[in-house]
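The values are calculated or read from the model by the stated rules, or taken from the named source; none is laboratory data. The shown structure was predicted, so the numbers you read here are calculated from the model rather than taken from an experiment. Cβ placement follows ideal geometry from the backbone for every residue including glycine, while neighbour counts extend to all protein chains displayed. For the accessible areas, the whole protein counts, side chains as well, though only heavy atoms, and no ligand, DNA or RNA atoms are used. Shrake-Rupley method; radii C 1.70, N 1.55, O 1.52, S 1.80 Å.
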Amino acid sequence: MTSAADANSDRSVLPITERYTLIGWVRRNLFSDTLNSLLTLAALAFLFIVASNLLRWAFVTAEWGVIPANFNLIMRGQYPATEAWRLWLVIYLLGAVVGSSWRLLSGKFSGAARLLIAIPFVLMLIPFFSMATRLNLVITAAASAAGFFITGYLPIQRRGRTAAYLLLAYLVVMLILLQGVGAEEGPMPPVAPILWGGLLLSLLLAFFGITLSFPLGVALALGRQSKLPAIRVMSVIYIEFIRGVPLISLLFMGQVMLQLFLPDGFPLVDRVLRALVAITLFSAAYTAENVRGGLQSISRGQYEAANALGLSTYQSTIHIILPQALRAVIPVLVGQFISLFKDTTLVALVGIFDLLGIARTILANPDWLGTQQEVYAIIAVLFWIFSYSMSYASRRLEQRLGVGQR
Amino acid sequence: MSEEATADEIIVCQDVCKWFGDFQALKNCSLRVQAQEVVVIIGPSGSGKSTFIRCINRLEEHQAGDIIVDGIPLTRDVRNIEQIRSETGMVFQQFNLFPHLTVLENITLAPIQVRKMRKDEAQDTAMSLLNRVGIPEQADKYPGQLSGGQQQRVAIARSLAMSPKIMLFDEPTSALDPEMIKEVLDVMQELAETGMTMLVVTHEMGFAREVADRIVFMDGGEIMEVGTPEHFFTNAQHDRTKLFLSQIL
């Protein structure tokens with residue numbers, strides 16, 4: 001803060017020719033004395049070496065052919081190609097739901113909304129996409145725009161609640177579409193989750209891991225503060241046990257030990273579902289501790305005011321305590337969810353083909369020997385895109401919810 | 001029994017004792033408050049004034065003695081506690097407004113949730129209460145956007161929205177800048193004139209002299225002296241009372 005203020009005050013006393021020119025700026029900030037000049041030159045040399053090597057690799061050495069050749073595998077794993085239309089339908093619907101909830105929650109066709117609708121068009125620029133893929137992307141963009149504008153004409157009263165129901169309905173429809181119904185020869189034959197893979201599986205694991213672990217974690221955090229000793233002790237034991245073991249050991253336990261605890265013939269046999277259970281249980285313990293931090297930041301006066309008004313414990317928790325506690329820990333929770341998303345790569349070690357697992361299969365293919373750099377670079381870029389989107393969305397959420405905060 | 005309340009005694013406290021660990025904060029405090037009475041409690045800091053009125057709506061639990069509010073004995077029974085709390089409004093030194101809700105939502109929350117009032121009805125009541133405390137134009141702001149005096153007036157409106165029979169004030173002006181004290185005291189005085197039963201812990205002697213029906217002086221966890229303002233400011237009996245008054249007047 002002070003340095004910025006200093007720079008501003010300095011600027012006002014400079015001769016007018018130097019105040020706003022590029023050369024003036026460079027001289028002041030990069031070459032103000034001998035040491036700074038040397039540092040600037042050294043940094044430039046370092047940047048030049050790194051950038052030139054990176055660019056030479058990216059544009060000359062790298063064999064990017066491996067990516068288009070395996071693109072479907074990276075995106076959806078071994079999900080059958082004949083059923084790929086179901087995945088596109090899921091994406092169209094996602095576009096429509098996002099557009100519709102945008103109308104419900106924000107109401108405005110703002111810059112961010114344009115950005116969202118632009119995403120499919122940007123993706124179309126990827127050179128090796130087929131015409132069919134591009135058409136599908138256009139349909140997705142059209143679906144989100146349609147969702148936005150059609151919702152505008154509907155007489156909807158409770159906007160927040162409608163958006164929540166819409167999302168819930170979407171989840172059900174999505175799972176039915178992915179899983180399929182009816183006979184093997186029917187129009188939508190079942191596809192076992194173990195065949196879901198690649199980016200599709202990574203996103204699903206992260207999404208369901210987050211949405212299932214969040215309520216469980218909140219309940220555990222409240223349980224840890226409960227006045228009832230049984231609930232408190234059980235919450236503490238659960239949290240401390242889970243936090244004391246690495247996720248990978250939970251994943252292995254999920255694969256080899258879960259059936260010991262379940263009755264014979266219990267339907268939870270699919271390995272992907274077992275991994276999801278392990279991820280959810282793991283993440284819930286961390287969510288609980290983060291939420292507890294938020295609960296502790298609520299002053300005693302808030303509890304007293306709620307009590308004095310005659311609100312029951314349940315009412316004050318729902319209306320007074322949790323809204324403030326969760327708002328206070330949004331940055332921490334989002335950080336935790338981003339790390340959960342990246343931690344889903346550990347399922348590759350128990351034989352599940354998420355993005356990382358798919359990368360390992362591609363690299364095991366003799367046709368693509370020696371393409372580790374290209375494949376892992378693309379995987380990293382994919383993870384970065386989604387992690388950064390989450391962090392960007394959380395910052396916007398904080399700004400929106402920050403109204404009137406102390 | 002001696003602690004049986006007569007018809008118009010709305011608060012009866014008999015030999016109330018309270019310990020914080022080994023420290024005894026209240027020593028056999030007894031007080032009977034008539035309906036529509038305004039009782040001001042004064043005393044040096046740490047004398048147990050706040051603890052005493054916080055026992056009346058069970059924000060603190062008393063360990064010995066009896067408290068009966070509007071005929072309901074204050075026991076461990078949660079139903080009794082919730083019933084007493086919904087008939088008793090409380091205003092805090094630090095306002096304790098809910099910072100994530102607008103002024104209007106702060107006021108309508110309890111009527112909607114506890115009294116099961118319809119939302120538009122609750123909002124109408126809230127607006128008329130905001131008119132009464134003089135800040136209807138702030139309804140859609142958040143507490144953090146208001147001055148201290150305005151926040152405290154919202155807090156009073158929030159308590160009144162539950163149509164309480166009794167209002168407890170725990171040093172309502174102590175956290176306010178001097179120029180804002182009067183606006184809050186004016187609201188309280190007007191409330192007293194409508195016949196509200198009020199228990200007020202305060203250091204505002206002007207308010208005590210003008211509005212109180214009776215003044216209670218507490219020191220060291222004990223009720224030392226009870227009397228009319230006239231009695232207090234001209235003819236205090238107890239040495240400690242005289243000493244306290246001489247220090248602050």
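Here are the numbers for this structure:
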item	result
Segments classed as helices (runs of 4 or more DSSP H), wholly inside the range B:122-220, with at least 1 members that are within 22 Å of A:Leu311 (Cβ to Cβ) and touching a Pro at 6+ places or on another chain (Cβ under 8 Å)	B:148-160
Among the candidates B:Asp120, B:Asp124, residue that is within 14 Å of chain A (Cβ to nearest Cβ) and surrounded by fewer than 18 Cβ atoms within 10 Å (Cβ to Cβ)	B:Asp120
Hits in the range A:56-84 (condition: aromatic (Phe, Trp, Tyr) and either in contact (Cβ under 8 Å) with a residue 40 or more places away in the chain or in a strand (DSSP E or B) (or both))	A:Trp57, A:Trp64, A:Phe71, A:Tyr79
Residue in the range B:54-67 that is closer than 28 Å to B:Lys141 by Cβ, surrounded by fewer than 22 Cβ atoms within 10 Å (Cβ to Cβ) and not charged (D, E, K, R) present	yes
Residue among B:Asp239, B:Asp219, B:Asp170 that is in contact with a Phe, Trp or Tyr (Cβ under 8 Å, 6 or more places away or on another chain), among the acidic types (Asp, Glu) and open to solvent by 20 Å² or more (accessible area, probe 1.4 Å)	B:Asp219
Hits in the range A:180-207 (condition: open to solvent by 30 Å² or more (accessible area, probe 1.4 Å) and closer than 29 Å to A:Val375 by Cβ)	A:Ala192, A:Ile194, A:Leu195, A:Leu200, A:Leu203, A:Phe207
Which listed residue, of B:Glu105, B:Glu60, is part of a loop (DSSP other than H, G, I, E, B) and either closer than 21 Å to B:Lys18 by Cβ or within 13 Å of chain A (Cβ to nearest Cβ) (or both)	B:Glu60
Test: residue in the range A:361-369 that is at pLDDT 90 or above, open to solvent by less than 50 Å² (accessible area, probe 1.4 Å) and either in contact with a helix residue (DSSP H, G or I) (Cβ under 7 Å, 6 or more places away or on another chain) or not aromatic (Phe, Trp, Tyr) (or both)	yes
In the range A:122-158, the residues that are within 10 Å of A:Ser100 (Cα to Cα) and either under 24 Å from the mean Cα position of the chain (by Cα) or at pLDDT 85 or above (or both)	A:Ala143, A:Ser144, A:Ala145, A:Ala146, A:Gly147, A:Phe148, A:Phe149, A:Ile150, A:Thr151
Residue count for the range B:24-53, restricted to those that are assigned to a loop (DSSP other than H, G, I, E, B) and either surrounded by 15 or more Cβ atoms within 10 Å (Cβ to Cβ) or among the hydroxyl-bearing types (Ser, Thr, Tyr) (or both)	8
Among residues of the range A:316-365, those that are within 14 Å of chain B (Cβ to nearest Cβ) and outside any helix (DSSP H, G or I), counted	1
Some residue of the range A:88-106 being outside the structural domain of A:Arg271 (by TED's automatic domain parsing) and assigned to a loop (DSSP other than H, G, I, E, B)	yes
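Here is a yes/no grid of residues against (1) closer than 20 Å to A:Leu333 by Cβ; (2) open to solvent by 30 Å² or more (accessible area, probe 1.4 Å):
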residue	(1), (2)
A:Ile242	yes, no
A:Leu247	yes, no
A:Leu260	no, yes
A:Ser283	yes, no
A:Tyr286	yes, yes
A:Asn290	yes, yes
A:Gln296	yes, yes
